[in-house]
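Colleague: What follows is a single structure, and I will ask about it in a moment.
The values are calculated or read from the model by the stated rules, or taken from the named source; none is laboratory data. The model shown is predicted, which means the values in this text are computed figures rather than measured ones. Virtual Cβ from ideal backbone geometry, glycine too; neighbours counted across all protein chains shown.
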Amino acid sequence: MMNDGIAAARLADLLAVSAALQAGAAELQAGVADAAFGAEALIETRLPWLVADIRADAEEGRFARWSLSTVVDEFTGEAVLDRATFEALHRIAGLGGVDDGAADADGDAARRDVVWPVGNAGLLHVYGYLLSTAATPWGAKRDRWVGGDVARAFGEDPAFLTPWHWAGVVHPGAGPTMLARVERLVLAALAGEVAGSAVRFVRDEPVVSGRDSDRVDDSVDDAGERAARDVMRTVVVSRPGAAHAALVYGRVSSVEAASDAAAAGAADVTAVSSGSGRASVRVSIRPITVFPIAVPDDAAIEALFAAESRLRYNAAFPDLAPMTQLAVDRP
């Protein structure tokens with residue numbers, strides 16, 4: 001789809017801005033607010049096409065559909081973005097930043113929960129990782145997008161999840177944003193809507209948080225809703241013949257509602273199902289991340305199932321800290 005010349009130029013700009021942000025962070029660590037405003041100005045000036053996508057996502061309310069994540073990598077123990085860039089991206093997305101009340105109790109949830117180093121997973125794992133210069137054992141964070149392996153795992157063109165996929169094809173803002181394209185794929189995987197032949201692995205790990213640890217699963221709240229299931233879901237997808245698979249991770253919660261109207265009226269609904277003689281079910285899917293892995297063999301799948309039940313892949317929640325141990329699934 002894209003013009004190769006435009007793609008090369010934009011990748012060069014992305015790398016240059018990432019390096020400049022890292023250099024600026026090293027010089028301005030003492031003044032977080034000043035550094036954040038400087039980072040914001042740099043991103044807006046040098047990467048207007050990226051800013052256009054972020055602001056379009058904000059206008060569509062897309063960030064509110066994603067969960068939270070820490071920028072501190074669970075494997076390296078280091079932040080994959082400097083704080084100034086973290087704050088600048090959240091300001092551009094309308095999700096707060098230093099000195100503007102993102103953590104105030106009166107703000108909406110998407111803003112209230114943004115407190116360094118925890119921020120919006122969609123913003124950080126998609127746009128933030130493009131700007132990350134952090135070294136990891138698996139290469140640069142941006143490689144999952146610009147390298148094309150995640151897109152290939154879903155059977156898409158390798159350039160489908162690059163930020164410049166529509167460059168030179170349609171006028172700015174006319175094509176789906178990068179986050180919208182990522183979201184379409186990960187929601188389908190987490191909702192079980194990917195063709196069965198492409199699904200290599202699914203694991204649900206029940207969540208018991210500090211808020212609901214004393215609530216039994218069959219309790220009914222004041223609104224007449226019955227808690228049905230709250231899990232962290234891992235899905236591995238790989239199209240036949242693909243060289244890589246994609247691992248998708250998110251939180252999937254379902255609640256039996258008193259009526260179809262109550263289920264459909266929830267702000268976080270991703271899917272609603274009901275049937276004759278059955279309660280309506282409100283399903284909320286909050287994606288966290290997606291990244292490429294080797295196509296798993298039987299031993300790798302067994303290892304995924306055997307792994308300790310905990311929050312992983314830098315996920316964070318107001319009621320669950322990163323790497324929190326989760327409940328053991330009941331038979």
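Colleague: Give the residues of segment 53-71 that are among the aromatic types (Phe, Trp, Tyr) and more than 12 Å from Ile288 (Cβ to Cβ), sorted by residue number.
Modeller: Answer for segment 53-71, where residues must be among the aromatic types (Phe, Trp, Tyr) and more than 12 Å from Ile288 (Cβ to Cβ): just Phe63.
Colleague: Now, a different point. As an exercise: evaluate Asp73 against (1) of a type in the set (D, E, K, R); (2) at pLDDT 95 or above; (3) more than 30 Å from Gly196 (Cα to Cα) and give the number of the one condition it does not meet.
Modeller: Looking at each condition in turn, Asp73 falls short on (2).
Colleague: Right, next: Sort out which residues of segment 66-82 are of a type outside the set (Phe, Trp, Tyr) and part of a loop (DSSP other than H, G, I, E, B), and write them in order of number.
Modeller: The answer is Ser67, Val71, Asp73, Glu74, Thr76, Gly77, Glu78, Val80, Leu81, Asp82.
Colleague: Being out of contact with any helix residue (DSSP H, G or I) (no Cβ under 6 Å at 6 or more places or on another chain), at pLDDT 90 or above and over 23 Å from Ser238 (Cα atoms): is that true of Ala307 here?
Modeller: So Ala307 does not fit the description; no.
Colleague: Now for a separate question. State yes or no: is Glu205 at pLDDT 90 or above, of a type outside the set (A, V, I, L, M, F, W, C) and either under 17 Å from the mean Cα position of the chain (by Cα) or assigned to a helix (DSSP H, G or I) (or both)?
Modeller: no
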